[in-house]
Amino acid sequence: MDEVRAITLKQPWGWAITHAGKRIENRPTLWKYRGILLIHVGAGWDTDGQRDQRVLEAFQAQRPGERCWPSSFTSSAIVARSRLVDVHHATARCYMGGCAPWGAMYPKATHLVLADLEVLPVPIRWRQGALGLWRPPPHLIAAVDRDLAGSLEEYADEVAARRAELQEPGS
């Protein structure tokens, strides 16, 4: 079995990865890990993301008339699986090339390059995470694999319960 890691993002950046074509995640650390990466959205909210023009334009295109507020987004859940294919320091070449428009250009910025994104049909509630790389437990990896490989009808009761939990106030 391939090694799997997870990364926690604050919203609305997680949404930008799953719905707005963001394939560069910006971090201050240069990581050696390359491989399968679960995308976890934490409970945190980034007000810079809320004001980001790219996020706002994508949000309004997909949800016309709705406000870009924390309550509009899933939190504390695994929302996707991707591959981390490259990690590099931001350079002028990034600005002109494949890291634009999402790659940040601040001092010591590191770009995590994502590929092969698969968005889960129903997010999996997961309240634990870390802004750095973390190791998801085997049963969480198995649940993601199952969701992306099979028919949701096979476990409809569990999916219904997950959907209900995601709708609970304050969840």
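Can you find a residue in the stretch 135-143 that is under 20 Å from Q53 (Cα atoms) and at pLDDT 90 or above?
The answer is no, given that none of the residues of the stretch 135-143 is under 20 Å from Q53 (Cα atoms) and at pLDDT 90 or above.
Going through the stretch 84-125 one residue at a time, which ones are exposed (fewer than 14 other Cβ atoms within 10 Å of the Cβ) and either assigned to a loop (DSSP other than H, G, I, E, B) or among the hydroxyl-bearing types (S, T, Y) (or both)?
Answer for the stretch 84-125, where residues must be exposed (fewer than 14 other Cβ atoms within 10 Å of the Cβ) and either assigned to a loop (DSSP other than H, G, I, E, B) or among the hydroxyl-bearing types (S, T, Y) (or both): Y95, G97, G98, A100, P101, Y106, P107, K108.
Any residue in the stretch 56-80 that is of a type in the set (D, E, K, R) sitting within a Cβ distance under 7 Å of a residue that is at pLDDT below 90? List the pairs, counting only those 6 or more apart or interchain.
E66/S72
With the requirement that a residue be among the polar types (S, T, N, Q) and within 13 Å of the chain's Cα centre (by Cα), what does the stretch 29-85 give you?
Selection gives T74, S75, S76, S82.
Does G129 satisfy the condition of being crowded, with 16+ Cβ neighbours inside 10 Å and under 15 Å from G14 (Cβ atoms)?
yes
Does K32 fit the bill of being more than 18 Å from V144 (Cβ to Cβ), in contact (Cβ under 8 Å) with a residue 40 or more places away in the chain and surrounded by fewer than 20 Cβ atoms within 10 Å (Cβ to Cβ)?
Here the answer is yes, as K32 does meet what is asked.
If I filter the stretch 65-116 down to residues being of a type in the set (D, E) and at pLDDT 90 or above, which single residue comes out as farthest from D147 (Cα to Cα)?
Only one residue tops the list, namely D86.
The values are calculated or read from the model by the stated rules, or taken from the named source; none is laboratory data. Keep in mind it's a predicted model, so treat the numbers as computed, not measured. All Cβ positions, glycine included, derive from the backbone under ideal geometry; neighbour counts span all protein chains shown.
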